[in-house]
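Just so it is clear, none of the values below were taken in a lab; they were calculated from the coordinates. Since the model is a prediction, treat every value here as computed from it, not as a measurement. Positions of Cβ are backbone-derived with ideal geometry, glycine not excepted, and every protein chain shown enters the neighbour counts.
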Amino acid sequence: NAGVTQTPKFQVLKTGQSMTLQCAQDMNHNSMYWYRQDPGMGLRLIYYSASEGTTDKGEVPNGYNVSRLNKREFSLRLESAAPSQTSVYFCASRQGGSGANVLTFGAGSRLTVL
Amino acid sequence: QQPVQSPQAVILREGEDAVINCSSSKALYSVHWYRQKHGEAPVFLMILLKGGEQKGHEKISASFNEKKQQSSLYLTASQLSYSGTYFCGTEVQAGTALIFGKGTTLSVSS
């Protein structure tokens, strides 16, 4: 099925470990996003990429890095995981630019940092 | 800056109506509405653009007051399947990112 694919779905890390969350979309979308979701906080934007070759910080970028590898793929890296980064992470994509562009979400990646 | 949603939670019986509000302190290009069920990803409901264009599901209605930077989502004759958390997302300029509110939890019982 067409859509946004995130890997892994679940991950447990120890404090200080590093990991990369992978995201790929097959809808030929220009823009891709990473959000984190914590209870009572809604969806908070970490980083986004409006088009291939560009990335911008969102609301909560500290502790994260991103790479827009190509038009399809947008990865999120935690260099030194902290318990405060325990969360559900959603990747999303849309066509971008002007107009009524629907945001399509991946299924989410649940990360626990001990 | 996150848009503000109200109320935080709504409890309904089947067939009742509800309104969920979203307001921003900034001038907006668009407002998006999504619904999320427990353990799932958010799903698109409606987009409202500055200038009046709308796109969304037939059974969903919403408004966007550009002067007040406010949007409302109208849920009429609620069904059990309407239960979930509703998020509004706002965009200040075309092509930038959506910033979401904290959500409104809707519970519909029979």
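Restricting attention to the range A:46-100, and to residues there that are within 13 Å of the chain's Cα centre (by Cα) and among the β-branched types (Val, Ile, Thr), which single residue is nearest to A:Ser31 (Cα to Cα)?
Here the answer is A:Thr55.
Just checking, how many residues over the range B:14-25 are among the charged types (D, E, K, R) and either free of Cβ contacts under 8 Å to residues at least 24 places away in the same chain or part of a strand (DSSP E or B) (or both)?
Residues meeting the conditions: 0.
Please enumerate the residues belonging to the range B:35-66 that are in a strand (DSSP E or B) and either at the interface with chain A (Cβ under 8 Å from one of its Cβ atoms) or under 15 Å from A:Gln37 (Cα atoms) (or both).
B:Arg35, B:Gln36, B:Val43, B:Phe44, B:Ile47, B:Leu49, B:Gln54, B:Lys55, listed by residue number.
Quick check on the range A:79-94: of everything there that is over 17 Å from A:Asp38 (Cα atoms) and buried (at least 17 other Cβ atoms within 10 Å of the Cβ), which residue is farthest from the other protein chains (Cβ to nearest Cβ)?
So the residue we want is A:Ser93.
Being without any contact (Cβ under 8 Å) to a residue 60 or more places away in the chain and not aliphatic (A, V, I, L, M) narrows it down to one residue among B:Phe87, B:Phe64, B:Phe100; which is it?
Sole residue among the options that is without any contact (Cβ under 8 Å) to a residue 60 or more places away in the chain and not aliphatic (A, V, I, L, M): B:Phe64.
Counting only residues that are in contact with a Ser or Thr (Cβ under 6 Å, 6 or more places away or on another chain) and crowded, with 17+ Cβ neighbours inside 10 Å, which one in the range B:89-104 is nearest to B:Gln8 (Cα to Cα)?
Checked the range B:89-104; the qualifying residue nearest to B:Gln8 (Cα to Cα) is B:Gly103.
Looking only at the range B:66-88, count how many residues are within 14 Å of B:Asn21 (Cβ to Cβ) and in contact with a Ser or Thr (Cβ under 7 Å, 6 or more places away or on another chain).
Adding up the residues that qualify gives 7.
For the range A:51-78, which residues satisfy the criterion of being surrounded by 20 or more Cβ atoms within 10 Å (Cβ to Cβ) and touching a residue at least 40 places away in the same chain (Cβ under 8 Å)?
A:Phe74, A:Leu76, A:Leu78
Where residues in the range B:88-110 are assigned to a strand (DSSP E or B) and among the β-branched types (Val, Ile, Thr), which of them is nearest to the other protein chains (Cβ to nearest Cβ)?
B:Ile99
Collect the residues in the range B:63-81 that are surrounded by fewer than 19 Cβ atoms within 10 Å (Cβ to Cβ) and farther than 19 Å from B:Gln2 by Cβ, keeping them in residue-number order.
B:Ser63, B:Glu66, B:Lys67, B:Tyr74, B:Thr76, B:Ala77, B:Gln79, B:Leu80, B:Ser81
Here are the criteria: (1) surrounded by 14 or more Cβ atoms within 10 Å (Cβ to Cβ); (2) away from chain A (no Cβ under 11 Å); (3) touching a residue at least 40 places away in the same chain (Cβ under 8 Å). Tell me which single one B:Ile11 does not satisfy.
Against the list (1) surrounded by 14 or more Cβ atoms within 10 Å (Cβ to Cβ); (2) away from chain A (no Cβ under 11 Å); (3) touching a residue at least 40 places away in the same chain (Cβ under 8 Å), B:Ile11 comes up short only on (1).
Any chance you could count how many residues in the range A:23-46 are crowded, with 16+ Cβ neighbours inside 10 Å, more than 9 Å from chain B (Cβ to nearest Cβ) and under 17 Å from A:Gly108 (Cβ atoms)?
7
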